[in-house]
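Beneath this line is the structure, given in structure tokens, with notes to follow.
The values are calculated or read from the model by the stated rules, or taken from the named source; none is laboratory data. Bear in mind that the values here come from a model prediction, so they are computed numbers and not experimental data. Note: ideal-geometry Cβ built from the backbone for every residue, glycine included; neighbour counts use all protein chains shown. When the accessible area is computed, the model is the full protein with side chains, heavy atoms only, and any ligands, DNA or RNA have been set aside. Shrake-Rupley method; radii C 1.70, N 1.55, O 1.52, S 1.80 Å.
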Amino acid sequence: MKTKRFTLIALAAAGMLALAACSGGGPGSTSTPVAKPTFAAGTTMAKLAEAGKITIGTKFDQPLFGLVGPTGKPEGFDVEIGTLIASKLGISADNIEWKEAVSANREPFIQNGDVDIVIATYTINDKRKAVVSFAGPYYTAGQSILVKADNTSIKSEKDLVGQPVCSVTGSTPASKLTEIGAKPLLTDTYSNCLEPLRNGQAVAVSTDNVILAGLAAQNEGEFKLVGKPFTTEPYGIGLKKDDTEFRNFINDVLEKSYSDGSYKKAWEGTAGKVLDYVEPPAVDRY
Ligand code: GLU
């Protein structure tokens, strides 16, 4: 973790509007919309470009990836990726409708057409692929553990066996906790796990390392991450099942962003304030 930048995030989270405004990387900072792009008739791209707007599901309470801050709009790496995709459809950041996605409503949001895409620390896996499709991955996280800063008894996932551990309904970490013999205490968002951790109802919070790093940075000195990541969580962009043209389009946008520096810029302006940059994983055109 980057200690200096860690402080920056904590200050911004504490409500220092001026700092947040000047620190760069606000919504849409990476992407100027393409002027009048053209797409094959009947495709989702043509439909969205014609409408001039897109609805994207993202997290609203996860620092670094998707957090509604002082601007009233979500900010973070997932938000930047969404803004980048919209820009290639000719849609400006102002014409993106952000909908709060929680872990459990991501598939139904896509299936019901409540959103056009979901970008929400969303792990690609076979169970989800049965009902939605994924572009990406664009990042690889791993499940980890957050405890109170003064905790000395939990050092790895082995120490969670038989213990109450907070996580979120409909998430991959919740299933993993059951698998390893912990007692999952489930709520709807990771930020709702902090109170049970503070008051001892849960001995730990477990989800992706990058989400926990964001929560730790937001509450400086109160919590710490322990152990090594013990799963692999490839983050994808969820879309309607079998909309292959749209999936290919998003994969092309991702690949381009890897080579032209816009992916790195999106990272540096958001999650990169706390986390080191790593090269993106290869897109999986399954
Ligand atoms: N990446 C995991 C998942 O998709 C955990 C994070 C989350 O719940 O958003 O379930």
- Cβ charges +1 (Lys, Arg) and -1 (Asp, Glu), total dipole of the stretch 78-134, debye: 280
- Task: Could you calculate the contour length gain from residue 199 to residue 32, that is, 0.36 nm times the residue separation minus the distance between their Cα atoms, to one decimal place in nm?
- Result: 55.6 nm
- Message: Run the simple label-point estimate for residue 55 and residue 228 please: 7 Å along Cα→C-beta, distance reported in nm.
- Response: 4.4
- Message: Exceeding 19 Å between C-alpha atoms, which entries from my cross-link table qualify? They are 241/265; 155/183; 36/99; 47/265; 127/155; 127/240.
- Response: 241/265; 36/99; 47/265; 127/155
- Task: Just add up the charged neighbours of residue 97: K/R +1, D/E -1, any other residue whose Cβ is under 14 Å from the Cβ of residue 97.
- Result: -1
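Of all the accessible heavy-atom surface of the chain, with the other protein chains kept in place and a 1.4 Å probe, what percent is carbon and sulfur?
Result for the chain: 52 percent of the exposed heavy-atom area is carbon or sulfur.
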- Note on the structure: For the chain, the charge dipole (Cβ of Lys, Arg +1; Cβ of Asp, Glu -1; about the Cα centre) points to a positive end, and the Cα of 204, 83, 250 closest to that extreme belongs to 204
- Taking amide H positions as placed 1.01 Å from N in the peptide plane, with prolines and chain starts having none, which residues 5 or more places from residue 61, or on another chain, fall under 5 Å of its amide H? 68
- Query: Averaged per residue, what accessible area in Å² does the chain show with a 1.4 Å probe, protein chains only?
  - Reply: 43
- Query: In debye, nearest 20: dipole of the stretch 247-286 around its Cα centre with unit charges on the Cβ of K, R (+) and D, E (-)?
  - Reply: 120
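Rounded, prolate or oblate, given the Cα gyration tensor of the stretch 177-218, with a/c below 1.5 counting as rounded? Could the numbers behind the result be given before it?
Working: a/c = 1.92, a/b = 1.29, b/c = 1.48.
Taking the square roots of the gyration eigenvalues as a ≥ b ≥ c, the stretch 177-218 is oblate.
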- Query: Hey, if we sort 267, 98 by accessible area with the 1.4 Å probe, largest down, what's the order?
  - Reply: 98, 267
- If one computes the Cα centroid of the stretch 151-208 and of the stretch 80-136, what distance in Å separates the two points? 26
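Run through the stretch 39-88 and list the GluC sites (Glu not before Pro) located in a DSSP loop whose Cβ has at most 16 other Cβ atoms within 10 Å.
Answer by residue number: there is no such site.
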- Query: So what's the net charge close to residue 133: Lys and Arg +1, Asp and Glu -1, counting the other residues with Cβ under 9 Å from its Cβ?
  - Reply: +2
- Query: For the chain, what is the convex hull volume of the alpha-carbon atoms per residue, in Å³?
  - Reply: 118
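Summing +1 for each Lys or Arg and -1 for each Asp or Glu, what net charge is found among the other residues whose Cβ lies under 12 Å from the Cβ of residue 170?
Values: positive: 106, 127, 128; negative: 107, 188.
Here the count lands on +1.
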